1. Looking at 210, 252, which is the one that is closer than 30 Å to residue 139 by Cβ and touching a Phe, Trp or Tyr at 6+ places or on another chain (Cβ under 6 Å)?
2. When only residues in segment 165-224 that are touching a strand residue (DSSP E or B) at 6+ places or on another chain (Cβ under 7 Å) and among the basic types (Lys, Arg) count, which is modelled with the highest pLDDT?
3. Collect the residues in segment 260-276 that are farther than 18 Å from residue 329 by Cβ and either surrounded by 19 or more Cβ atoms within 10 Å (Cβ to Cβ) or in contact (Cβ under 8 Å) with a residue 24 or more places away in the chain (or both), keeping them in residue-number order.
4. Could you check segment 114-145 and list, in sequence order, the residues that are within 15 Å of residue 177 (Cβ to Cβ), in contact (Cβ under 8 Å) with a residue 40 or more places away in the chain and not β-branched (Val, Ile, Thr)?
5. Under the condition of being surrounded by 14 or more Cβ atoms within 10 Å (Cβ to Cβ) and small (Gly, Ala, Ser), which residue from segment 469-518 is farthest from the chain's Cα centre (by Cα)?
6. Hey, can you tell me all the residues within segment 127-146 that are outside any helix (DSSP H, G or I) and buried (at least 23 other Cβ atoms within 10 Å of the Cβ)?
7. Using the structure shown, decide if residue 55 is part of a loop (DSSP other than H, G, I, E, B), within 29 Å of residue 222 (Cβ to Cβ) and touching a helix residue (DSSP H, G or I) at 6+ places or on another chain (Cβ under 9 Å).
Amino acid sequence: MPPSRRKLPIGIQTFAQIAGEGYYYVDKTPFAHRLIESGKYYFLSRPRRFGKSLFLDTLKELFEGNESLFQGLFIHDRWDWTVRHPVIAISFAGGVLQSRAQLDERISEIMEDQQQRLRVTCTHHSLPGRFGQLIRGACEQTGQRAVVLVDEYDKPILDNLTDRDTALAMREGLRNLYSVIKDADAYLRLVFLTGVSKFSKVSLFSGLNNLNDITLDADYSAVCGYTDSDVDTSFAPELKELDREEIRRWYNGYNWLGESVYNPFDLLLLFAKRRFRPWWFETGTPSFLINVLTERKTWLPTLGQLESDAELLATFDVDDIPTVALLFQTGYLTIAREENLGGNAFYQLRFPNHEVYQSTYGSLLRVWTANPQAEIQNRKTLYRLLQRHDLPGLKDLFQAFFASIPHQWYDNNPIARYEGYYASVFYSYFAALGLDITLEDATNQGRIDMTVRFGDRIYLFEFKVVELAPEGRALQQIKDRRYAEKYRASGQPIALIGVEFSRAERNIVGFEVEEIVG
């Protein structure tokens, strides 16, 4: 008999509510059992809205011995329900703290709440002193070692990254708190910290070097998120009338060296709304990310083809945030492939899925262009021009777009001052539509700058800046190097398009087209 439909746990991070009120639940207790049996100190980095809070709350209910919630789950018959541990739950997920004083006040409130819940009296006035006394007191009062769970450990810093002094003050305040853990080992059963980023142990954890970072552990790749199997089994009643391959294309693909997963928030909204939309992306792309990509003049066409090593991917601090680490840790890039050379791990990165690919370029494009409303209209017009195969209209669209950008915008926006700006914007319009694009498409004669497949046609683009190359060379290069030969066997019509930009005129000055039959 097929499973019946249940309630969708959209935004619910409380395990007791999900387990007791008829919501869908994907059993994550095998991961909980494995990590509890294998070690004591853990750290996990995952993007926002990925189920970190729910997993921590599951651990809390488990250690507090609430057996009824775990009936029928993997861990139920593998757990000693007669033993209950005191759990200290710390969360910075709610609200935005804008000063060190606000952070200290928030920590004080957390300590007070935990003292009352665990019925422990603390006499120390300093926050680190109260935390240490709370851990010891909870252990002594119950006769069992304490469990410390920290949710969104880094959020007070991330919320203030654009203000270096405040971010550093937040980091210092959190370091004072977390430093307590290393001296409380005898009183602790388990410590688990989660967050979006991975700040260096030296800068934030002050000697807590025994944290087992399971972020890139293949065994825990699916500790948060839903796998393909989860979708086909746990959510089988929700799949009716939805294209299964489209679900994969839109939302699957996040990978941390193990099994790929879906963002839970995306799938739950898809099942509720029955529409494919960038649900996760629309909850808020950090402006800091967009600003960093702009200020660093990031070459957009290869954004989803970056490479890294293990050290760079894990590098993240207030004064040192590599672009690739920022994109990976926030979930805009994921691991496509790992390569080990002489004991060194290298990673090829990619966009996780269609949602992130299309939405990232749309979001960047709005920052890179002077008029966001015009940008939206231009994207719609571009799609309709491609539907009609109106190539003169394509030229007019982009010429009008570049001509509409005020000169002062070029003067004030650093991204407009580098050579790749024009090609990046051109490319981003196509990417923001989610079209089938290949960059630097390799042939036996060279690389095509951009190949676009739309409908039954193939478009081959070559970009040139006339101040760096003679006019008329873009289309001629496509012809001289016989780039179209690669696609002739397809039998599809092929359009060769040479686009030439001028830095002096800040616009397209050449747009030549030649059409051939495949």
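The values are calculated or read from the model by the stated rules, or taken from the named source; none is laboratory data. The structure displayed is predicted, hence computed values, not measured ones. We place every Cβ from the backbone using ideal geometry, glycine too, and count neighbours over all the protein chains shown.
1. 210
2. Filtering segment 165-224 for residues that are touching a strand residue (DSSP E or B) at 6+ places or on another chain (Cβ under 7 Å) and among the basic types (Lys, Arg), the one modelled with the highest pLDDT comes out as 189.
3. Selection gives 262, 264, 266, 267, 268, 269, 270, 271, 272, 274, 276.
4. Scanning segment 114-145 gives 127, 128, 131, 132, 134.
5. Residue satisfying both the conditions and the ranking: 472.
6. 146
7. So residue 55 does not fit the description; no.
Quick grid of which residues meet (1) crowded, with 22+ Cβ neighbours inside 10 Å; (2) under 15 Å from the mean Cα position of the chain (by Cα); (3) not in a strand (DSSP E or B):
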{"position": "290", "(1), (2), (3)": "no, yes, yes"}
{"position": "303", "(1), (2), (3)": "yes, yes, yes"}
{"position": "324", "(1), (2), (3)": "no, yes, yes"}
{"position": "328", "(1), (2), (3)": "yes, yes, yes"}
{"position": "346", "(1), (2), (3)": "no, no, no"}
{"position": "355", "(1), (2), (3)": "yes, yes, yes"}
{"position": "360", "(1), (2), (3)": "yes, yes, yes"}
